[in-house]
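Here the structure comes first, spelled out in structure tokens, and everything after it is commentary.
Every read-out reported here was derived from the displayed coordinates using simple, explicitly stated rules and does not represent laboratory data. Predicted model, so just to flag it, every value in this text is computed and none were measured. No Cβ is skipped: glycine too gets one built from the backbone with ideal geometry, and neighbour counts run over all protein chains shown.
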Amino acid sequence: MRAADSCDTSSVTTGWVMRFVLPVVLVSLALLAGCAGPELRDTEALEPGYASPPAPSGLLAETAQRIESQYGDGYSGYHLLDSNYDGLYWRLALIDSATTSLDILTYLWYPDISGQLILERAVLAAQRGVRVRLLIDDLLTVGQDQGLVNIANHPNIELRLFNPWRSRRLSARLVEGLAELERANMRMHDKLLIADGRATILGGRNTGDHYFGLSPAYSFHDLDVLAFGDLADEADDMFDHTWNSEWVASATQLTLDEDPQVAAEGWLQVRKQSRTSPGLKRFPREPKYWKAELEELAPMLRPGTGHVIYDEFSAGQVGQQMASELSRFFSQAQSELFITNAYIIPGQPAIDFLEGMIDAGVDVRILTNSLASHDVPAVNAHYEKWRGPLVDAGVQLYEFRPDAAIKGEFVDTSPVHGEFSGLHTKAAVVDRRHVFIGSMNLDPRSVNINAEMGAVIDSPELAEDLRALMLRDMSPENAWQIVRNDKGRIAWVSDTETTTSQPSRGFSQKVMNVLFKMAPKDLY
């Protein structure tokens with residue numbers, strides 16, 4: 001299986017493609033026109049499918065029941081997955097520990113070492129009788145249809161595609177995309193894993209080496225939350241809503257038959273890689289019994305109540321409500337509002353909103369990417385004109401450094417060491433009590449085009465944990481603070497330098513930053 005975005009693991013400059021004008025992507029694909037491919041059968045709507053009931057027993061049920069018995073109905077136990085190592089480690093723990101059901105929903109699924117490792121563990125879960133549902137955005141699953149069909153025909157596995165191309169041939173995708181640009185441009189940006197209806201992981205990480213510190217080119221500094229208890233049940237409702245929407249098709253609707261020989265050869269390759277890849281040496285190579293690790297984690301879980309928020313689907317439409325949900329969340333702030341978000345293009349209404357909060361006495365701090373840490377220079381091109389207004393409104397503004405001091409411990413997963421780090425987190429904390437963690441960036445694409453999700457959590461202890469991480473990431477060894485110098489110019493200040501020249505990784509990045517100013521910001 002492969003579900004990939006535009007970012008080739010050998011190049012850091014192509015990350016902008018996922019956010020660039022879709023016709024440009026399609027024209028590029030047209031260069032390969034003529035390649036044959038299957039079709040998506042025009043069939044009746046899929047039979048609705050729903051989450052299995054929460055598992056009555058097992059390690060995950062025991063952990064969730066312990067939280068409920070200690071704190072009461074509606075409570076969950078939360079743990080921040082700050083390091084990329086933890087992001088992959090605890091995904092494996094939940095998959096290996098599932099006894100009845102495993103649901104994975106993701107925007108991107110790379111065919112790299114971590115992507116294949118998670119796929120292997122999901123297949124092994126299905127082989128031991130776990131019901132597995134996989135839901136993947138179909139934007140760039142080009143050339144992967146045979147693998148998708150093989151997986152969808154595996155016993156105990158269902159595989160569905162979000163907003164799929166009806167014709168799988170590249171030339172036909174060009175025609176379809178140009179004819180239905182608005183539909184083709186709308187993507188499912190959500191990330192979610194649920195095991196046994198008892199535990200869930202959600203946040204910013206897609207499935208691939210960039211998100212787990214295993215890319216030698218670069219890896220993201222990202223954040224998920226692991227939750228045991230009531231939030232997993234809410235996450236199941238969100239999964240079912242998307243799974244049963246009109247935007248989804250089954251991979252079994254592709255006009256391809258299962259190929260047992262290809263499937264067997266691919267399985268052997270996946271199994272071999274998971275056992276021999278040096279990058280995976282810190283992870284269990286085989287499924288294991290996680291009782292000791294879960295018992296060690298249990299005292300560190302932060303109690304709280306929370307709920308899942310997400311953009312809902314109706315006939316041919318996406319109900320874009322995440323922006324209003326986050327606005328309400330931010331508006332709670334009476335003393336502090338800390339935001340970490342990878343891609344920010346605010347606009348004047350957002351500036352006015354933040355300035356009003358600051359005038360009311362709220363301490364507002366924001367961390368986002370610098371051009372130097374960016375994988376999407378197109379976003380920076382439309383963000384940079386707002387640096388001055390944000391600072392002038394009273395926001396304490398910070399930009400992530402590609403050589404951040406946290407890179408070695410929290411971004412890279414030894415023995416892999418990436419060339420630089422980029423920020424991918426989408427999180428906020430209000431008044432040391434309320435937490436948001438999710439998939440949504442603060443840019444026009446996330447507000448108006450993509451489907452997004454997240455969790456809002458009421459937990460003073462979790463909020464203190466997140467606040468501490470944010471202050472660490474905003475420190476001078478990890479970020480530049482953006483200020484006006486004594487001449488009124490924007491300056492970047494860190495522990496090693498103060499400069500009025502926008503930091504970058506090189507000349508080509510600066511050129512792209514200029515060129516993308518000519519493209520409409522509403523597409524980013």
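Below is a table of values for the structure above.
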item: Relative contact order, percent, segment 320-523 [alpha-carbon distance under 8 Å, six or more residues apart]; result: 26 percent
item: Descending semi-axes in Å of segment 44-105, equivalent ellipsoid built from Cα gyration tensor; result: 24, 19, 12
item: When each of LYS191/LYS521; LYS385/LYS521; LYS385/LYS510 is checked by Cα-Cα distance, pairs over 18 Å; result: LYS191/LYS521
item: Dipole-positive endmost among GLY72, LEU397, PHE313 within the chain (Cβ charges, Cα centre); result: LEU397
item: Spatial extent of segment 236-352: Rg and Dmax, with the Cα atoms as the point set, Å; result: 22.5, 62
item: Average Cα contact separation per residue, the chain, under 8 Å, 6 or more apart, as relative contact order %; result: 19 percent
item: Rounded to 5, the percent of DSSP beta bridges in the chain classed as antiparallel; result: 70 percent
item: If the convex hull is drawn through the Cα atoms of segment 383-481, its volume per residue in Å³; result: 138 Å³
item: Hits among lysines - C-alpha to C-alpha of LYS281 under 17 Å, sequence gap 8 or more where chains match; result: LYS272
item: Ratio Rg/Rh [Cα only; Rh per Kirkwood] for segment 31-147; result: 1.05
item: Convex hull of Cα atoms in segment 320-523, direction-averaged projection (nm²); result: 11.8 nm²
item: Compactness of the chain, expressed as Rg and Dmax over alpha-carbon positions, Å; result: 22.2, 70
item: Rounded Å value of the spacing that divides the Cα centres of segment 360-439 and segment 102-143; result: 29 Å
item: Among beta bridges that DSSP assigns inside segment 314-446, antiparallel share in %, nearest 5; result: 50 percent
